[in-house]
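First the structure, in the form of structure tokens, and then the observations on it.
What follows draws every value from the coordinates through simple rules; no lab data is involved. Just so we're clear, the structure is a prediction, and the values are computed from it rather than from any experiment. Cβ sites come from the backbone with ideal geometry, for glycine too, and all protein chains shown count toward neighbours.
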Amino acid sequence: MLVDVVEATVCGGTRLHLRFEDGVEGEVDVRELVDLSGVFTPLNDPGEFARVVVHPELGTVSWPSGADLDPDVLYAAVTGQPIELLSRVGVA
């Protein structure tokens, strides 16, 4: 897919409203996508979760704690389209 996130807004709790570069928009609940442990533990704090930004080089959401999410996963969650995996040539 490789569609970048261009805008992210906190909707309450662990929900984000996302807008992608192709104009697609929608909401995702981060808690439903990842376990909020490890690098994601700080996101349990609403104040820390609210510090979400769109990373200009990665084209996805990220937080000062170093947590970020794959933009393809976010796009699939918003659109309901499955993630397309590339097949490896020559692998049996």
Taking region 12-38 on its own, how many of its residues are farther than 16 Å from Gly80 by Cα and surrounded by fewer than 13 Cβ atoms within 10 Å (Cβ to Cβ)?
-> 5
Restricting attention to region 40-67, which residues are within 15 Å of Thr9 (Cα to Cα) and either among the aromatic types (Phe, Trp, Tyr) or not in a helix (DSSP H, G or I) (or both)?
-> Phe49, Ala50, Arg51, Val52, Val53, Val54, His55, Gly59, Thr60, Val61, Ser62, Trp63
Is it true that some residue in region 5-24 is touching a His at 6+ places or on another chain (Cβ under 9 Å), of a type in the set (Gly, Ala, Ser) and in contact (Cβ under 8 Å) with a residue 40 or more places away in the chain?
-> yes
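Would you check if there is a residue in region 23-39 being of a type in the set (A, V, I, L, M), farther than 17 Å from Thr79 by Cβ and in a strand (DSSP E or B)?
First, the residues of region 23-39 that are of a type in the set (A, V, I, L, M): 24, 28, 30, 33-34, 36, 39.
The next check asks that each one be farther than 17 Å from Thr79 by Cβ; those that pass are 34, 36, 39.
Then keep just the ones that are in a strand (DSSP E or B); that gives none.
So far as region 23-39 goes, no, none of its residues is of a type in the set (A, V, I, L, M), farther than 17 Å from Thr79 by Cβ and in a strand (DSSP E or B).
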Does region 70-87 include one or more residues that are surrounded by 13 or more Cβ atoms within 10 Å (Cβ to Cβ), among the aliphatic types (A, V, I, L, M) and outside any helix (DSSP H, G or I)?
-> no
